[in-house]
Amino acid sequence: MKAEDIQACLARGFPEARVTVADSTGTGDHFAVAIVSPAFEGKTLVERHQLVYAALATLMPQIHALQLRTTTPDERDR
């Protein structure tokens, strides 16, 4: 899998977000993802990650490791 596949999937799930995806190891199954989205406002860390996992549901079987950084626009600016 390519980082671009994850990027596209998350862009569909979080259209108002800024999404950055990197292949952590170059093997196509370990990724680091940073998402800045107003959709995370008022959500706990677990709830934020659940939203991301739901958006990536079809791709998750191909992902071995996923590092997530989920912030709101206000948190990013701090």
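Each reported figure results from applying straightforward, stated rules to the coordinates on display, with no laboratory input. It should be emphasised that the depicted structure is a prediction, and the values quoted were computed from it without experimental measurement. Counting neighbours? That spans all protein chains shown, and the Cβs are built from the backbone with ideal geometry, glycine included.
Couplings for region 50-67, taken from phi via the Karplus curve 6.51 cos²θ - 1.76 cosθ + 1.60 with θ = phi - 60°, read 4, 4, 5, 4, 5, 5, 9, 3, 6, 9, 4, x, 9, 9, 8, 9, 9, 9 Hz in order; Gly and Pro are left as x. Kirkwood radius and radius of gyration were both taken over the C-alpha atoms of the chain, and their ratio Rg/Rh is 0.95.
Karplus-derived 3J(HN,Hα) values for region 38-48, using 6.51 cos²θ - 1.76 cosθ + 1.60 with θ = phi - 60°, are x, 5, 8, 4, x, 9, 6, 4, 4, 5, 4 Hz; glycine and proline are entered as x. Each Lys or Arg adds one and each Asp or Glu subtracts one; over the other residues with Cβ under 11 Å from the Cβ of L59, this totals -1. Counting only alpha carbon atoms, the long axis of helix 3-13 and the longest principal axis of the chain meet at about 40°. Pairwise alpha-carbon distances in region 1-40 exceed 12 Å for 54% of all pairs. Relative contact order of region 3-76: 34 percent, from C-alpha pairs under 8 Å at least 6 residues apart in sequence.
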